[in-house]
Amino acid sequence: MKNTINNPFNSDLSYALYKTLLKRIPPIKFAPHLEDIVNLLTKALAKGELEVKVEDEFDQTQLKWPGWPESHLEALKKSGWTNNESGPIIFEDNCLSWRRWYEERNDVLKELFDRAKQNKTNCKETIVKFTQSLEKSLNQEQKQAVEAIENQHVIFISGGPGTGKTSTVLKMLERALLLSPDLRIGLAAPTGKAARRLQASLHKGIKTVDAHYQDAILKVSCSTLHKLLQSTQDGFGQNKQNPLNLDLLVIDEMSMVDLTLMKGLLEALTPSCQLILVGDPHQLPPVGSGSVWHYLHENKLPAHLEKSRVHLKKSYRNQGQIAVSSNLLKEKGLNSFFKLLFKSPKTSEVNLKVHICQQSTLPKKLLVQLHYHLNDLKVLTEKLIRKLPENIQSSREMGALEKESEDLFSCLDELMVLCPTRKGSWGVDAIHKAVLGKHFDEKVDQWPQGTPIMCCENLVDLELANGDIGIIMGERKNRWLVFQVMSEKKKLTTRLIHPARLKTISPAIALTVHKAQGSESNKLILLWPNHQSQCVQVNNNSSKKNTYDERLLYTAITRAKKKLDLFLISDI
DNA sequence: ACCGAAAA
């Protein structure tokens, strides 16, 4: 039953659920419209949405019975399925939702809001001294966040890429340690890659912190949320009975946390634990059901939360036209974005190029650029392997080879190719097939040297995370997978890994936008296959789809540091 | 229609 609710990917499952409901909770008065309601709710849940808005319109493919929404609501009312305490469906604020998810979300929000109500008190003198030292390094919004640590029990920090979220967190940790030096701090993120990135940027900025507190911050290790909570198949090892021994916990990349994980987290906290939640509400929601972070930013919240919320607006990344259009997308939506795109910009630096393609075969320009890029990588791997000593051990540190390895990885960071989907003529797989040719269906050992690859599992002892990108180097017996990892000494080092040690790897010549979340490159090529359909669908039920596409596009283009090539398919 | 994540 639980799985049917979690994975309702086709209408058969939705129909099965409907039949089960009819059997288990027979309607007081039956009407066929009930099937539509179950179907809509199931489909919404499949998309990660917990509710269906009554004011949304649906067409005949989504509804079997006429009279939406009045007839459906009446059928629901008479069925008794929305009865207090027992009915499976909730109808409130013009929204329909499953009781199970409705209650879970309300519980989580209530818990969060109650926590935020608690007050903290601190010694005034130390604060004054610290506040003076803040003046130089932080802007007004960032200072507000740092000051919140003094008396807010829960702090929400939102902001786009380059707004200094982590450097603000670093100053918050410093201040927290100043107030109580023995503070037990925890750091976590929803994915292995995000966890490591948080740790790395705290290390990078550590010099801005008073030397007295540096060690205390550096010694905190940053793990995935699942690991922190000791997640197993039967639930979380850290829970109400066995809470985390922490006074302060920082969670980064909150946009990827779903409801179940958030619930587990809140249950594992002691009442006194302070919470700092950090993330960008414009990025993609989690695939699982219920994005707490997006909900918190799209809905009216209790007044007492105002002091807990800090939004960082100022971006320190200057990207000319890329910055202008991504801001427009964020504020005005897809249509305005595409309108601006087709006017040639005069005012800011032109670093965004649009290519309109006639058919849906892969653009030739893309394949040519990839060809050169992969060749560069190949040359650099050959250079690196020639410098390699004999009898090398896997996982060794590179020592004198750092320069060659640095060249290789800066070349890798130069270009990123993104697609919204895996399948389809403009999907990631199509690009891999086009580039790898006959090698596509073969094993890794057949892929050519210089091919970028992605590690698809978290391997803590190898210091590799899911989503890490490396390169194939060498041939046959002398073949290695080269990665850059954060070593125990918190230094970026090159690591050679024997191909047999990684069970799940995939080519990484192109990536899905989802996978690229958190990565950046100087130059970005984005294939966006269906822009015209979005410009046409303005007012029907596509508002939710549009927010999804908006976030997808926003996430994609903000990966570009210097240049963006956007490929679109022409409407003709 | 499409897109993940984590753990043992």
Of A:Lys353/A:Lys523; A:Lys207/A:Lys562; A:Lys227/A:Lys263; A:Lys263/A:Lys307, which sit over 20 Å apart, Cα to Cα?
-> A:Lys207/A:Lys562; A:Lys263/A:Lys307
Roughly how many percent of the accessible protein surface of chain A is carbon and sulfur, given a 1.4 Å probe and a whole-percent answer?
-> 51
Amide H contacts under 5 Å for A:Leu246, placed H, 5+ residues apart = A:Thr270
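Relative contact order of chain A: what whole-number percent is it, with Cα pairs under 8 angstrom and at least 6 residues apart? Show your work: numbers first, answer last.
Details: 930 pairs, mean separation 74.3, N = 572.
Relative contact order comes out at 13 percent.
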Roughly how big is chain A's charge dipole about its Cα centre, with Cβ charges of +1 (Lys, Arg) and -1 (Asp, Glu), in debye to the nearest 20?
-> 880
Only Lys, Arg, Asp and Glu count, each charged at its Cβ (+1, +1, -1, -1), so figure out the dipole size of segment A:159-255 about its Cα centre, rounded to 20 debye.
-> 280
Taking Rh as the Kirkwood radius computed over C-alpha pairs, what is the Stokes-Einstein D of segment A:235-334 at 10 °C in a medium of viscosity 1.306 mPa s, expressed in µm² per second?
-> 100
What is the ratio of the Cα radius of gyration of chain A to 2.2 N^0.38 Å, where N is its residue count, to two decimals?
-> 1.04
Starting from the Cα gyration tensor of segment A:78-117, take the square roots of the eigenvalues, sort them a ≥ b ≥ c, and report rounded, prolate or oblate (rounded when a/c is under 1.5, otherwise prolate if a/b is larger than b/c, else oblate).
-> prolate
Taking amide H positions as placed 1.01 Å from N in the peptide plane, with prolines and chain starts having none, which residues 5 or more places from A:Ile155, or on another chain, fall under 5 Å of its amide H?
-> A:Leu275, A:Ile276, A:Leu277
Lys/Arg Cβ at +1, Asp/Glu Cβ at -1, dipole of chain A taken about the Cα centre: which of A:Thr504, A:Ile28, A:Met256 is farthest positive-ward?
-> A:Thr504
Taking the Cα centre of segment A:267-388 as origin, sum charge times position over the Cβ atoms of Lys and Arg (+1) and Asp and Glu (-1), and report the length of that vector in debye to the nearest 20.
-> 600
Work out the charge dipole of chain A with +1 on the Cβ of Lys and Arg and -1 on the Cβ of Asp and Glu about the Cα centre, then indicate which of A:Pro285, A:Val38, A:Leu374 is farthest towards its positive end.
-> A:Leu374
Signed unit charges on C-beta, dipole axis of chain A, positive-most listed residue A:Gly159, A:Asn466, A:Gly67 | A:Asn466
Taking H as built 1.01 Å from N, whose amide H comes closer than 5 Å to the amide H of A:Phe236, not counting residues under 5 places away?
-> none
Would you work out the relative contact order for segment A:158-257, in percent, from Cα pairs under 8 angstrom that are 6 or more residues apart?
-> 38
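In Å², what does the accessible area per residue of chain A work out to with a 1.4 Å probe?
Details: 28150 Å² over 572 residues.
With all protein chains present, chain A gives 49 Å² per residue.
The values are calculated or read from the model by the stated rules, or taken from the named source; none is laboratory data. Predicted, not measured: the structure shown is a model, and the values here were computed from it. As a convention, Cβ positions derive from the backbone with ideal geometry for all residues, glycine included, and neighbour counts pool all protein chains shown. Each accessible area value is taken on the protein alone, full model and side chains, heavy atoms only, with ligands, DNA and RNA left out. Shrake-Rupley method; radii C 1.70, N 1.55, O 1.52, S 1.80 Å.
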